[in-house]
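Below is one structure, written out as structure tokens; comments come after it.
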Amino acid sequence: MITIQKANEEHIDGIAKVCIDAYWATYSELLSSEYINRMIREFYTYDRILKEITITNRQWNGWIVAVDDGMVVGAGGGGMISENHGELFVLYLDPNRRKEGLGSMLLDAVTKELKEYGAKEQWVSVTKHNDKGIPFYEAKGFFCVHEQLEYGVVEGEDYMALRYHRMI
Ligand SMILES: CC(C)(COP(=O)(O)OP(=O)(O)OC[C@H]1O[C@@H](n2cnc3c(N)ncnc32)[C@H](O)[C@@H]1OP(=O)(O)O)[C@@H](O)C(=O)NCCC(=O)NCCS
């Protein structure tokens, strides 16, 4: 049975695994291994995820996980970026579990929390040409507003991210 729930310490390794596996499956053809490894080292360590589970607030509402038979199969999280704008900061699934509706369930759960914090509009950044993510957001009513340099690029990298927006 699949449950959508707030993550606790039991889910840390599962969150890291799902996100790291999804990073390689999603970005191998779009971003360099150097960039991907740098992001994985920044975001998906045990200690960072432990903090993100322990310390939650308006700016970071905490991890939400999809759990199937005790295994983390998807993870996401959001937070407020201004008075009434919320953002989906992260959303990844086990690459073998895409297109079963899990992403929709996680997005709904993150969005519900954002609305409780007063969000009327929602944002998400998607890597340009990410065709495993963009069609999902467009199916959910997001529109691309503008593009900007991808998070964390260093000199010599010119990766771009698209800022997607919807009313909620
Ligand atoms: C993006 C992601 C979380 C979506 O979750 P999912 O469980 O696969 O999506 P769902 O099954 O809930 O699909 C919801 C809708 O989006 C559509 N959709 C999702 N991915 C799609 C794709 N690649 N192409 C076309 N349509 C897609 C589905 O057809 C469905 O439409 P419907 O409601 O009209 O039937 C998941 O596919 C994923 O992990 N992708 C790779 C990582 C990624 O890009 N994450 C986002 C980073 S910003």
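Readers should treat all values here as calculations from the given coordinates under stated rules, not as data from a laboratory. None of the values given here were measured: they were computed from a predicted structure. Don't worry about glycine lacking a Cβ; one is built from the backbone with ideal geometry, like all the others, and counts go over all protein chains shown.
Between TRP24 and VAL153, what length in nm is gained on full extension when 0.36 nm per residue of separation is reduced by their alpha carbon distance? Before the final figure, lay out the partial values.
Working: separation 129, 0.36 × 129 = 46.44 nm, distance 1.72 nm.
Additional length available on full extension: 44.7 nm.
Please identify every one of the GluC sites (Glu not before Pro) in the range 90-135 that sits in a loop by DSSP and has no more than 16 other beta carbons within 10 Å of its own beta carbon. Answer by residue number: GLU100.
Okay, helix-only estimate at 222 nm for the chain: each DSSP H run of n ≥ 4 adds -39500 (n - 2.57), divide by all residues, round to 500 deg cm²/dmol; what do you get? Write down the numbers at each step before the final one.
Numbers: 5 runs with 57 residues, N = 168.
For the chain, the value works out to -10500 deg cm²/dmol.
Here the range 1-79 and the range 108-168 have alpha carbon centers that stand 17 Å from each other. Exposure proxy shown here: for TYR117, TYR151, the number of other Cβ atoms within 10 Å sets the order, fewest to most, as TYR151, TYR117.
Legend: calculated FRET efficiency, LYS128 to MET167, from the Cβ-Cβ distance at R0 = 22 Å, rounded to 0.05, equals 0.40.
Think of each Lys and Arg Cβ as +1 and each Asp and Glu Cβ as -1; about the Cα centre, that makes the dipole of the chain roughly 420 debye. Going from the residue with the fewest nearby Cβ atoms within 10 Å to the one with the most, LYS99, LYS128 rank LYS99, LYS128. For the chain, the Kirkwood radius over C-alpha pairs fed into Stokes-Einstein at 4 °C and 1.567 mPa s yields D = 80 µm² per second.
When each of TRP24, TRP123, TRP63 is scored by the number of other beta-carbon atoms lying within 10 Å, the sequence from fewest to most is TRP24, TRP123, TRP63.
How high is the FRET efficiency from SER33 to GLU121, r the C-beta distance, R0 35 Å, rounded to 0.05? For R0 = 35 Å, the calculated efficiency reads 0.50. Put simply, the C-alpha atoms of the range 92-168 give a gyration tensor, and the ellipsoid matching it has half-axes of 23, 17, 11 Å, longest first.
Here the 3J(HN,Hα) profile of the range 22-29, calculated from phi with Karplus coefficients 6.51, -1.76 and 1.60 at θ = phi - 60°, is 5, 4, 5, 5, 8, 10, 3, 8 Hz, Gly and Pro shown as x.
With an 8 Å Cα cut-off and a minimum separation of 6 or more residues, compute the relative contact order for the range 2-167 in percent.
On the way: 288 pairs, mean separation 33.9, N = 166.
The normalised contact order for the range 2-167 reaches 20 percent.
When the GluC sites (Glu not before Pro) in the range 1-57 are filtered for DSSP coil states and for at most 16 other beta-carbon atoms within 10 Å of their beta-carbon, the remaining sites are GLU29.
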